[in-house]
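The values are calculated or read from the model by the stated rules, or taken from the named source; none is laboratory data. Note that the structure is a prediction, hence the values are computed from the model and not measured. Don't worry about glycine lacking a Cβ; one is built from the backbone with ideal geometry, like all the others, and counts go over all protein chains shown.
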Amino acid sequence: MVIVMTGKIRFEELLPHEIERIIDEEPILYLPLGTLEWHSLHLAIGNDALKAYEICLRAAKRTGGVVAPATYWAIGGVPYPWTTRFNPNLIEDLFYAIFSQMEHVGFKVIIAITGHYGIEQLYRLKRAACNFMYGSNIIIAPMPEYEVAYEVGYRGDHAAKWETSILWALRPDLVDMKRLSKDLEKPLEGVIGDDPRRYASRKLGERVVKHIVDKLSELAPRLLKKTDSLNRSKYIRALKIQVEILDILAREPYEDRMKILGSTEYEGFVDNIWNGNYNDAIGRGERLLSKIRKRCSNL
């Protein structure tokens with residue numbers, strides 16, 4: 001049975017008594033992150049933050065809590081017009097500062113969803129979360145939305161099958177497939193992944209969005225109510241291993257990097273983190289990290 005919360009959930013719309021009730025009852029913050037970046041000719045420039053925001057709204061309606069306004073400033077981006085890029089240190093500091101302010105407000109759990117997921121963005125977001133949690137009692141779940149959707153085949157792309165389908169489901173007014181060439185032999189500018197003309201659909205988007213929201217709706221209450229001090233420590237250790245993996249892979253050639261990130265070993269490790277199996281996650285992660293270090297030392 002799916003329970004849908006009533007009442008306002010957008011941070012900027014809350015009155016003081018409303019946020020006070022939420023902090024007392026469901027102190028969960030959903031933090032959508034993205035960027036302003038070219039997503040070919042058929043998707044809105046703000047696709048990454050828009051999809052993250054809409055996913056967060058749907059999850060918060062299930063779990064309670066608050067959805068922060070989307071943050072559009074991020075690291076990296078494709079080499080096409082209208083793409084914004086910011087200094088990685090600046091953005092990592094921004095993530096850390098947001099975590100600090102949201103703890104100050106009174107939240108106990110932050111679900112930080114980045115719809116923009118270049119490896120440097122992921123590395124800096126996850127590192128900022130780990131560093132903040134070392135000196136805090138808050139718990140932060142920093143992830144691209146696809147990390148809870150491996151089992152439905154979603155592993156991220158750029159303006160291709162998956163991103164097109166997801167925005168189509170969430171904000172169909174911001175998708176215009178007619179802007180794409182009907183010549184299927186003609187490659188699309190700025191599309192990385194399966195051709196959206198052939199493979200994207202609103203129905204696919206609805207299916208993967210439902211899966212992501214279902215997973216987040218399990219994750220947020222579990223982190224809030226079932227994470228004692230020992231499990232919190234194990235969770236941070238598992239997340240720190242992921243940070244160390246991303247740090248190494250960020251310096252590797254793209255193809256070598258993707259072999260690891262797309263492997264069953266890596267996906268199994270990440271699945272265990274978000275399913276709360278922290279001992280298994282640590283074991284899998286340490287073995288994978290050792291393998292990556294050994295491989296890189298032999299290059």
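Cβ-Cβ distances below 6 Å connect the following pairs, each with a first residue in region 140-160 that is on the phi < 0 side of the Ramachandran plot, a second residue that is part of a loop (DSSP other than H, G, I, E, B) and not basic (K, R), and a separation of six or more residues or different chains: P144/Y117; Y146/Y154; Y146/G156; D157/G193; A160/V191; A160/G193; A160/D194. A single member of N272, N279 is within 21 Å of the chain's Cα centre (by Cα), of a type in the set (S, T, N, Q) and outside the structural domain of A59 (by TED's automatic domain parsing), and it is N272. Just one residue in the set E25, E37, E20, E54 is without any contact (Cβ under 8 Å) to a residue 12 or more places away in the chain, assigned by TED's automatic domain parsing to the domain that holds G205 and either touching a Ser or Thr at 6+ places or on another chain (Cβ under 9 Å) or surrounded by fewer than 23 Cβ atoms within 10 Å (Cβ to Cβ) (or both); that residue is E20. Beta carbons closer than 7 Å, at least 6 apart along the sequence or on distinct chains, pair a first residue in region 270-299 that is closer than 19 Å to S233 by Cα with a second that is in a helix (DSSP H, G or I) and of a type in the set (S, T, Y) for D271/Y150; Y278/Y235.
Looking across region 35-68, the residues that are under 21 Å from F86 (Cβ atoms) and assigned to a loop (DSSP other than H, G, I, E, B) come down to T35, L36, E37, W38, A44, I45, G46, A68.
Here K215 fulfils each of the conditions (1) surrounded by fewer than 17 Cβ atoms within 10 Å (Cβ to Cβ); (2) outside the structural domain of Y278 (by TED's automatic domain parsing) apart from (1). Within the span defined as region 89-99, every residue fails to be in a loop (DSSP other than H, G, I, E, B) and assigned by TED's automatic domain parsing to the domain that holds D157.
Give P27, P16 a once-over and let me know the one that is farther than 23 Å from A200 by Cβ and either among the hydroxyl-bearing types (S, T, Y) or in contact with a Lys or Arg (Cβ under 8 Å, 6 or more places away or on another chain) (or both). Only one candidate qualifies: P27.
Looking at this structure, is I248 within 17 Å of Y123 (Cα to Cα), in contact with a helix residue (DSSP H, G or I) (Cβ under 8 Å, 6 or more places away or on another chain) and not assigned by TED's automatic domain parsing to the domain that holds P144? Criteria met by I248.
How about region 239-291: which of its residues are part of a loop (DSSP other than H, G, I, E, B) and among the small types (G, A, S)? Passing the criteria: A250, G262, S263, G276. Only one entry in L246, L224, L174 is out of contact with any strand residue (DSSP E or B) (no Cβ under 9 Å at 6 or more places or on another chain) and either within 20 Å of N47 (Cα to Cα) or not polar (S, T, N, Q) (or both), namely L246.
When the helices (runs of 4 or more DSSP H) confined to region 104-204 are screened for residues that are in the same structural domain as Y72 (by TED's automatic domain parsing), among the basic types (K, R) and more than 21 Å from the chain's Cα centre (by Cα), those reaching at least 2 such residues are found at 196-199.
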